[in-house]
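The values are calculated or read from the model by the stated rules, or taken from the named source; none is laboratory data. Nothing here was measured: the structure is a model prediction, and the numbers come from that model. When we count neighbours, we look across all protein chains shown, and the Cβ atoms used for this are built from the backbone with ideal geometry, even at glycine.
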């Protein structure tokens, strides 16, 4: 819990599986991200810090000493292109350009600017909303996306990672720090409270909110997560989280570097490709959503792969069924499993279910991570006793400072130094958290979060639809998928191919409804609220599936 600006290491929540603290001391919270990397480079200059794919297809492997050098040169290159401290730089790149994502971010932070990684699967409307909100001084993108970004947000300079931008106004070549650049170095920022990144989250409204993290909360999230996951100096953490998520930037990068280990940043790969990369890089820790790990186990049983370097795997984003936990144990008996729960606003630090408790506390999502606090609140925001159900409330050094340019939402969600998650759960007598519901009606499709109300607002804009309700349905591989119940407008005939086409340029592909229920009237309670629980039950009984 947060008390007078200090955080405690939650030893009471630890089990014998916890790795003793070594370098992961709270004094890192006084550092900026560049200062943290300089410290690690001073301690272990030749230790691998980053392995990531370039936009051109080759994999860059950098030691801590090399990563710090590239960070400095990147900052100088950005300054030479007119970027300044306190500017915001948007990054519209996928994991197949992981090297460029990470080096851009580090260069921006070294300059004193901030970054906003954007979802490359955004439809035009979603992308434009993000760009208008962030107002970036520059957008880092590929040549293929340059015209689209220019059309949606004309003011920004474009920094093209795979071209020179010569054919477009206000477009330049991305300043690759691998080049020999004799440029003056900008001053090194010293304030850990300086804005570092804006990460977009689905939230509960039709418009995504940008979560503000400073250097301290980025490192704080890395501190809690690395300790909870049991990362050690020299570990190689491999993960395929999208870079635009807190799991990509804070969990992947910061957990690795706070622990003094390296990050193997995964590009989009097949399950065979993921397993082959583990063997090639000798990764010691693999982290992903449960569906990905499930698929990897299936592939492992069919092929010949070397995963002998792995000592732990972790998962988050959704719960892992116990039968899959046991299947992993049978296939990889030398590997421990750990589960975490968090959200963009918490860094994503939150709770951890350690290896020894996987069976003892089946169904739980764990205890508070080290340095974090966990409470259950009633409707008035007061703490409830253990056993009672209420809203999950998280505190800790990874909790964000608020929502960018949204003071009302900030005041509602960020209280007492923590975040009201909007998720519902209860604590058992031992302090283990059991998740029971999502107040926010967010659909979790294979770890990608979808705000149901955002999908509903698109459907409501279709002239043939009078009512719409979007909800989660079970999916055997992804955990959840998107379904919609719709009532036609008077005299209208619903054409689902046409509705699908209508959604195509307004919603990311993973957010589009896969199944529909057609009803004359959607069920409602006496207050007029649509009863989504009843719709889920109707779908389960397959009364009106289309």
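Remarks
- Looking across the stretch 463-481 at every residue that is crowded, with 18+ Cβ neighbours inside 10 Å and without any contact (Cβ under 8 Å) to a residue 60 or more places away in the chain, the one that is nearest to the chain's Cα centre (by Cα) is identified as 481.
- From the options 263, 269, 277, residue that is under 29 Å from residue 60 (Cβ atoms) and more than 21 Å from the chain's Cα centre (by Cα): 277
- Selection within the stretch 405-426 - in a strand (DSSP E or B), touching a strand residue (DSSP E or B) at 6+ places or on another chain (Cβ under 6 Å) and either more than 14 Å from residue 347 (Cα to Cα) or at pLDDT below 95 (or both): 421, 423, 424, 425, 426
- Residues of the stretch 158-180 that turn out to be surrounded by 14 or more Cβ atoms within 10 Å (Cβ to Cβ) and either out of contact with any strand residue (DSSP E or B) (no Cβ under 7 Å at 6 or more places or on another chain) or modelled with pLDDT under 90 (or both), as a count: 8
- Screening 231, 199, 223 for residues that are part of a loop (DSSP other than H, G, I, E, B) and surrounded by 23 or more Cβ atoms within 10 Å (Cβ to Cβ) leaves exactly one candidate, 231.
- For the stretch 105-121, the count of residues that are surrounded by fewer than 19 Cβ atoms within 10 Å (Cβ to Cβ) and out of contact with any strand residue (DSSP E or B) (no Cβ under 8 Å at 6 or more places or on another chain) is nonzero.
- Every listed requirement among (1) within 30 Å of residue 409 (Cα to Cα); (2) modelled with pLDDT of 95 or more is met by residue 227 save one, (1).
- Residues of the stretch 523-546 that are assigned to a loop (DSSP other than H, G, I, E, B) and either at pLDDT 80 or above or closer than 18 Å to residue 466 by Cβ (or both): 523, 528, 529, 531, 544, 546.
- Filter result for residue 185 (part of a loop (DSSP other than H, G, I, E, B), surrounded by fewer than 19 Cβ atoms within 10 Å (Cβ to Cβ) and modelled with pLDDT of 95 or more): no
- In the stretch 444-453, the residues that are at pLDDT below 90 and under 19 Å from the mean Cα position of the chain (by Cα): 444, 447, 448, 449, 450, 451, 452
- With respect to the conditions (1) touching a strand residue (DSSP E or B) at 6+ places or on another chain (Cβ under 8 Å); (2) part of a loop (DSSP other than H, G, I, E, B); (3) free of Cβ contacts under 8 Å to residues at least 60 places away in the same chain, residue 155 lacks only one, and its number is (1).
- Enumeration of residues in the stretch 376-406 that are under 30 Å from residue 116 (Cα atoms) and out of contact with any helix residue (DSSP H, G or I) (no Cβ under 8 Å at 6 or more places or on another chain): 391, 392, 393, 395, 406
- Condition met for residue 491 (over 25 Å from the mean Cα position of the chain (by Cα) and surrounded by fewer than 22 Cβ atoms within 10 Å (Cβ to Cβ)): yes
- Hey, residue 256 buried (at least 24 other Cβ atoms within 10 Å of the Cβ), touching a residue at least 12 places away in the same chain (Cβ under 8 Å), touching a strand residue (DSSP E or B) at 6+ places or on another chain (Cβ under 9 Å) and within 30 Å of residue 442 (Cα to Cα) or not: yes
- Which numbered condition residue 459 fails, given (1) part of a strand (DSSP E or B); (2) under 23 Å from residue 127 (Cα atoms): (1)
- Test for residue 421: is it closer than 27 Å to residue 510 by Cα and in contact (Cβ under 8 Å) with a residue 24 or more places away in the chain: yes
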